[in-house]
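What follows is one structure encoded as structure tokens, with my remarks underneath.
Bear in mind that the values in this text are calculations on the coordinates, not laboratory data. Nothing here was measured: the structure is a model prediction, and the numbers come from that model. Positions of Cβ are generated from backbone atoms using ideal geometry, with glycine treated the same way; all protein chains shown enter the neighbour counts.
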Amino acid sequence: MSSEKVFSEATEGLVKGLLDWSTEKISGFVEKLKARKLAFIEESTTIAVVKELYNSGEAKFYAKYVKDKELLLLVRMGLTLRKLENDGERLMNLRNKIYNRYGPKGLHTAQFVQNGISNRYFGLLIEKIISEEDLGKKMYDVLINIEKHALFVSSTNKISDVVRKVTTITDAHLPAMFFIAGLKSAAEIVQESIPSITPIMEDYEFEKFSSPGKEIIIFTRR
């Protein structure tokens, strides 16, 4: 048998194999991959929420620009945390799972999305970015280096801690925008820190978003 015929038959076999790989089989394979990535959550109801959010408009927007799979998963975790905000037990369970798997930085990336800060940040970016490629690069930079762009205040922080951390981060990185966020008891600490923070952020304009149990300050460089 000639080499050309062997090659031709092999090619035909490959094509036939690809055609036999039906849409249903591909869909099942994708679902298995999703299940494997989400297995660390363990709680089936929460996993169902994550899968449901894959098709949300917000999730699809991020999927278009965030090409790093681990970062995109953290974005989806953030959307899920937001969805679970009225279910305290599942919220804390998922929060702990994210922390255990990705550490404090990963949790902060998810919280950046959960609190809606990312929407505000990237919304402002869209007004200034000249291309989709630039937007994708900037989104990646912010998400992968979240600690340079945001401070998440905990209930154990004092006002002096907040001021010190804000000064250290902004002096070192000069971010175009900087966020300070506090939830529950930490929201009050953020609120009380404002008079001490604004003098050291004189090159920034700021706006404040308050809601029950949540305080967010956004500083934008002039």
With a point put 7 Å past each Cα toward its Cβ, work out how far Arg164 is from Gln191 in nm, to one decimal.
2.5 nm
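Using only the Cα atoms of the range 21-171, what semi-axes does the equivalent ellipsoid have when each is the square root of 5 times a gyration tensor eigenvalue? Give whole Å, largest first.
In descending order, the three semi-axes are 28, 21, 12 Å.
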Please compute the net charge surrounding Glu85, taking Lys and Arg as +1 and Asp and Glu as -1 over other residues with Cβ under 13 Å from its Cβ.
+4
Collect residues whose amide H, placed 1.01 Å from N in the peptide plane, falls under 5 Å from the amide H of Ala150; neighbours closer than 5 in sequence don't count.
Phe179
With θ taken as phi - 60° and the coefficients 6.51, -1.76 and 1.60, list the Karplus ³J(HN,Hα) couplings across the range 193-205 in order, rounded to whole Hz; mark glycine and proline as x.
7, 3, x, 8, 7, 4, x, 8, 10, 5, 8, 10, 8
Within-12-Å neighbourhood charge of Thr168 [Cβ basis; K, R +1; D, E -1]:
0
Short version: ³J(HN,Hα) in whole Hz for each residue of the range 128-136, in order, from phi by Karplus 6.51 cos²θ - 1.76 cosθ + 1.60 (θ = phi - 60°), x for Gly and Pro, what are they?
10, 6, 8, 8, 5, 5, 4, 4, x
Could you compute the net charge surrounding Glu42? Neighbours are other residues with a C-beta less than 14 Å from the C-beta of Glu42; K and R count +1, D and E count -1.
+4
From the backbone phi of the range 161-171, what are the Karplus-calculated ³J(HN,Hα) couplings (6.51 cos²θ - 1.76 cosθ + 1.60, θ = phi - 60°) in whole Hz, Gly and Pro given as x?
5, 5, 4, 4, 5, 4, 4, 4, 5, 6, 5
So the FRET efficiency between Leu174 and Ser44, C-beta based with R0 = 41 Å and rounded to 0.05, is 0.35
